[in-house]
Amino acid sequence: MWKRDEGVRPTSGQPPAAPQPSAPITAAGTPALRPDSGHHLEKDIVNIGKSVVIKGELNGSEDLTIEGHVEGTIQLRDHVLTIGPNGRIKAQVFAKSVIVLGEVTGNVTASDKVDIRDNGSVDGDIISPRVAIAEGAHFRGSVDMQRKPGQGTPKADIKAAAPQQPAGPQPQGVPPVQRVGV
């Protein structure tokens, strides 16, 4: 017993590897470290499993992966939403970034990026400054790649483009600048 106590004292004071692998010390140290590192990952990413069905409004302040069914509205304005291969979404989606591996029916708005991966499907309009659609993905809708404030095309460039349009009768009182988007 005395020798074990003496063996424990030098281990806490010195970093030799031989006493540390003993079962009680390693068992006590390892679980304490793993849950902490795993806990941080679990706090940042939440999973909704295949058998889960949610109807209504889904809000969060963490990254979210959906493998189940969601109907309604999903709002993760500052986080990443991943729709897994089994995920089926019928919702209006608002997130920082959206990764689609499953099916989404509804409009998707992302402040950073929408990524429709292989076998992913989106039926709805996309509003995001960056959009990636992989080969083999399905998309039906419109894309508005709006830019963040200050990154847009200057209005002077749009006005300069107006005279290049084919000449034709213009409605009275409508300036040519409004016809650029027509």
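Just so it is clear, none of the values below were taken in a lab; they were calculated from the coordinates. No experiment lies behind these values; they were computed from the predicted model shown. Backbone-built Cβ (ideal geometry, glycine too); neighbour counts: all protein chains shown.
Residue by residue through the range 137-146, which ³J(HN,Hα) values in whole Hz follow from phi under the Karplus form 6.51 cos²θ - 1.76 cosθ + 1.60 (θ = phi - 60°), with glycine and proline marked x?
Going residue by residue, I get 7, 10, 9, 9, x, 10, 10, 10, 8, 5 Hz, with x marking Gly and Pro.
Enumerate the calculated ³J(HN,Hα) couplings along the range 107-116 in order (Karplus 6.51 cos²θ - 1.76 cosθ + 1.60, θ = phi - 60°), each rounded to whole Hz, writing x wherever the residue is Gly or Pro.
Ordered by residue, 3J(HN,Hα) equals 6, 10, 10, 10, 7, 10, 7, 10, 10, 9 Hz.
Express in nm, to one decimal, how much length is gained between Lys55 and Ala132 on full extension, taking 0.36 nm for each residue of separation and deducting their alpha carbon distance. Before the final figure, lay out the partial values.
On the way: separation 77, 0.36 × 77 = 27.72 nm, distance 2.81 nm.
The span from Lys55 to Ala132 would gain 24.9 nm if fully extended.
Name the long-range amide H neighbours of Val104: under 5 Å, sequence gap of 5 or more, or other chain; modelled H, no Pro or chain starts.
Ile89, Ser121, Val122, Asp123
Taking amide hydrogens as modeled 1.01 Å from N in the peptide plane, which residues meet the under 5 Å criterion relative to Asp115, leaving out close sequence neighbours?
It is Val98, Ile99, Val100, Ala132, by chain and number.
Only residues of the range 65-101 count here: report those whose backbone N is under 12 Å from the spot 7 Å along Cα→Cβ of Lys113, or say none.
Only 97-100 fall inside the zone, counting backbone N under 12 Å.
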